[in-house]
Amino acid sequence: MPATNVSKATRDQSHARVFDLAELSLRELNQALHQLTPGSNETAWEVLNPKGSHSVAVGVDQPVAIDVRGSVGYYCGGMNAGGAITVHGSAGPGVGENMMSGSITIKGDASQYAGATGRGGLLVIEGNASSRCGISMKGIDIVVHGNIGHMSAFMAQSGNLVVLGDAGDALGDSIYEARLFVRGKVESLGADCIAKEMRPEHVELLQGLLDRAGVTGVKPSEFKRYGSARTLYNFNIDNADAY
Amino acid sequence: MTYRNPPTTPRKSATFDDYTLSEIRRAAATGIYDIRGAGAKRKLPHFDDLLFLGASISRYPLEGYRERCDTSVVLGSRHAKKPIELKIPITIAGMSFGSLSGPAKEALGRGATLSGTSTTTGDGGMTEEERGHSKQLVYQYLPSRYGMNPRDLRRADAIEVVVGQGAKPGGGGMLLGQKISDRVAEMRTLPKGIDQRSASRHPDWTGPDDLEIKILELREITDWEKPIYVKVGGARPYYDTALAVKAGADVVVVDGMQGGTAATQEVFIENVGQPTLACIRPAVQALQDLGMHRKVQLIVSGGIRNGADVAKALALGVDAVSIGTAALVALGDNDPRWEADYNELGTTAGAYDDWHEGRDPAGITTQDPELMKRVDPIAAGRRLANYLKVMTLEAQTIARACGKNSLHNLEPEDLVALTIEAAAMAGVPLAGTNWIPGKNGF
């Protein structure tokens, strides 16, 4: 099915493959992306009229650039492995969930659970992110230019969450080894999450993250670092009140 | 000679029995609830409370060893391009690497493959042992997402979205630090030696409408090839089944409270959820009400032990059953040959359930390199295959006696119940009567 359907896609002047979701189905888009092989010349894709569709460009596993012109629904870029996806709009829940590698940039805002369980790659949200941003993150780097909602980085295992704005209630509740950097105000910290010293290696790490996310005019020294107090790592009945 | 009043025989309380007293003392001494493996141990209405009627003047039987009795089943034909085709309607339930040793996972894969059935990953990701040795492998998609990655998702033969399990509907898991080896820690992206909590809710969806969108995502990522199962604990089987179907499941898995766990609070295991027998008819009814019975397949698990249990579950309308605890026993779990070791742990063969502690004398629920040598994956896989074969033959024996040339032709009409409770739960008449409690206004 795909080969013929893909040929329906047109090309724009920059030779990107243009995929209009007003004319072609989500299935055809994802199928075409999955059929890419290493070394393919189809490295630039443009998706038109997403109109809040769910699961746009999920399971991408080749290093291709995908520009989505408009807002998307749930799970855009889910499980991305190598793709460079840019959403020129806002994203619904679970954008970049379980991302393995590559990058996703949201020009607008992101809904709940952005970057949930992500294992690698970089998720940049240029607007605000809603609640549970970076929930259960397992190695992904997330940079949010605006604010993040409550319960963000809940049970976050590994990776880095950088927030240029403020964080909502219960930041980093039950956090493991993920690192959180917040420039603005933190409404409250969750169980076992504490403010930590910014050592030189953290400054260096944060600068690298800001550079990769294209953030300028902001210095690492403006941020505070948060992470696990590690008091809940092994069950102890005297900690039961913490839950 | 002095007169003595006749003594009263010391009487222990039925309410405060020995187990209860020991549990109060244990709680008082340690200040922590009891965590253990396995499923509900209390006596529950179960398949033992049902009987087959067999053939009679109005029903004629099929000849054992001569006339064919089909056992095959296809799972996931609703939407998947590549449904799972099984030779027998008995699958191996999800059990995690981490909870189980590598050799034990390999043995499950070997045994299932020899028998033409599927095995299932668990809360800890897919290992090479089980992928390599399982012809048909179901990949569990769990709240923790430990070890989850799109490569493994795509090399699975089916995907099981786990909402809950029978031992703990509404509960997550806990793998204690002592079982976290380097390999387990790496697969779960957590430091070695710390307790690993498995979340009770999925991180990126809540409720049936989200689930529908999540299933769409999984289908898109796997190009609509893989059957998608939804597994629920035996909580609200009618509505859970109906909602799973509405969300787009190809297969619904309902796990009753006898279904095992690697590690959960005793109070949770014994007091939350419904018995397997009580879950089946509501789940089947939901499928029938939606016109989806046999279109969306139903797998039931929790306390399946022999071919009679398989036949009874199928007669009540399920498409396949799943075994976990029984499969571990076939591999060698709780074997009396290790009695001395069990005694050292303060227990006895047959009662050992501290699977979370990693000191399993049988080498199955452990990450201890010395203990796990006690499992020879080839021999243990063979034992599992033998056991599955026996269960299948037993179920066929019963089906032929009921005049059925396929296990799936068994029906509720072939059954009666020994107790009022079982009659009400299974929706079959109490033996010797035509009374089905709850039906026709009685």
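List of remarks:
- q = 0.08, 0.13 Å⁻¹, chain B: log10 I(q)/I(0) [Debye, one scatterer per Cα]: -0.45, -1.17
- Helix A:200-212 and the longest principal axis of the C-alpha atoms of chain A enclose an angle of approximately 20°.
- Within the shell defined by Cβ-Cβ distances under 11 Å, the residues around A:ASP173 carry a net charge of -1, with Lys and Arg each +1 and Asp and Glu each -1.
- Highest-MSF residue in chain B out of B:ASP309, B:ASP18, B:ASP48 [GNM, Cα springs under 10 Å]: B:ASP18
- Modelled this way, with points 7 Å down the Cα-to-C-beta line, the labels at B:LYS87 and B:ASN386 are 1.7 nm from one another.
- For q = 0.32, 0.33 Å⁻¹, Debye-computed log10 I/I(0) when each Cα of segment B:382-421 counts as one equal scatterer: -0.99, -1.02
- Extension reserve of the B:ARG26-B:TYR239 stretch, reckoned as 0.36 nm per residue once the Cα distance is removed: 72.8 nm
- About the Cα centre, charge dipole magnitude for segment B:1-154 (Lys/Arg +1, Asp/Glu -1 at Cβ), debye: 180 debye
- At R0 = 25 Å, FRET efficiency that the Cβ-Cβ distance of A:HIS15 and B:ARG155 yields, to 0.05: 0.15
- For the protein assembly as shown, the 222 nm mean residue ellipticity estimated from helices alone, with every DSSP H stretch of n ≥ 4 adding -39500 (n - 2.57) and the total spread over all residues, rounds to -7500 deg cm²/dmol.
- For chain A, modelled as a GNM whose springs connect Cα atoms under 10 angstrom apart, the maximal fluctuation among A:THR43, A:THR86, A:THR231 occurs at A:THR231.
- The mean number of Cβ atoms from other chains found within 10 Å of a Cβ in peptide B:205-217 is 4, as a whole number.
- Computed E for B:VAL74/B:ILE378 - FRET, C-beta separation, R0 22 angstrom, nearest 0.05: 0.15
- Förster radius 25 Å - calculated FRET efficiency between B:LYS41 and B:ARG183, Cβ distance, rounded to 0.05: 0.20
- Cα pair distances exceeding 22 angstrom across segment A:141-233, given as percent: 18 percent
- This ranking places A:VAL163, B:VAL321 by how few other beta-carbon atoms lie within 10 Å of each, fewest first, which gives B:VAL321, A:VAL163.
- Alpha-carbon centroids, segment B:372-424 and segment B:203-219: separation in whole Å: 34 Å
- Placing +1 on the Cβ of every Lys and Arg and -1 on the Cβ of every Asp and Glu, with nothing else charged, gives chain A a dipole about its Cα centre of roughly 220 debye.
- Set the Cα radius of gyration of the protein assembly as shown against 2.2 N^0.38 Å, with N its number of residues, and you get 1.04.
- Computed lengthening from B:ASN405 to B:GLN288, 0.36 nm per intervening residue step minus Cα-Cα distance: 39.8 nm
- Across the options A:GLY70, A:GLY127, A:VAL58, the greatest Cα extent toward the positive end of the charge dipole of the protein assembly as shown (unit charges at beta carbon of Lys, Arg, Asp, Glu) belongs to A:VAL58.
- Value of relative contact order over chain B, rounded to a whole percent, pairs C-alpha under 8 Å and six or more apart: 23 percent
- Dividing the mean sequence gap of close Cα pairs (under 8 Å, 6+ apart) by how many residues segment B:126-225 holds gives a relative contact order of 26 percent.
- Within 10 Å of the Cβ of each residue in B:219-225, the mean number of Cβ atoms contributed by other protein chains is 6.
- Sorted by Cβ neighbour density within 10 Å, fewest at the top, the residues B:ARG66, B:ARG36: B:ARG66, B:ARG36
- Zone of A:ARG69's modelled label, taken as backbone nitrogen in segment A:18-53 under 13 Å from a point 7 Å along Cα→Cβ: A:18-23, A:45-51
- Candidates B:PRO282, B:PRO150, B:PRO61, ranked by Gaussian network fluctuation over chain B, Cα under 10 Å, top entry: B:PRO150
- Counts of other chain beta carbons within 10 angstrom of each beta carbon in peptide A:78-90 average 2.
- Which listed pairs, of B:LYS41/B:LYS246; B:LYS168/B:LYS214; B:LYS87/B:LYS231, have C-alpha distances above 32 Å, in listed order: B:LYS41/B:LYS246
- Spin-label model, A:MET198/B:PHE16: points 7 Å from Cα along the beta carbon direction are separated by 6.1 nm.
- Gain on full stretching of the segment that runs from B:LYS135 to B:THR8 - 0.36 nm per residue minus C-alpha separation: 39.3 nm
- Here segment A:141-233 carries DSSP beta bridges of which approximately 40% are antiparallel, counting only pairs with both residues inside.
- Highest average first, the peptides A:202-209, B:312-319, B:283-290 ordered by how many other beta carbon atoms sit within 10 Å of their residues are B:312-319, B:283-290, A:202-209.
- Taking amide H as placed 1.01 Å from N in the peptide plane, the amide H of A:LEU189 sits under 5 Å from that of A:ALA170, A:LEU171, each at least 5 places away or on another chain.
- Placing +1 on each Lys and Arg Cβ and -1 on each Asp and Glu Cβ, with no other charges, gives chain B a dipole about its Cα centre of roughly 440 debye.
- Tensor-based shape of segment A:58-180 (alpha-carbon gyration tensor, a/c under 1.5 rounded, otherwise prolate or oblate): oblate
- Footprinting exposure proxy ranking of B:PHE47, B:PHE97, fewest other C-beta atoms within 10 angstrom first, gives B:PHE47, B:PHE97.
- Mean Cα-pair separation over length for segment A:141-233, i.e. relative contact order, pairs under 8 Å, 6 or more apart, %: 27 percent
- Whole-angstrom gap from segment B:273-337 to segment B:46-108, using each part's C-alpha centre: 9 Å
Read-outs: derived from the displayed coordinates by stated rules, not from any lab. Just so it is clear, the model here is predicted, and its values are computed rather than measured. Neighbour counts are summed over all protein chains in view; Cβ atoms, including those assigned to glycine, are modelled from backbone coordinates with ideal geometry.
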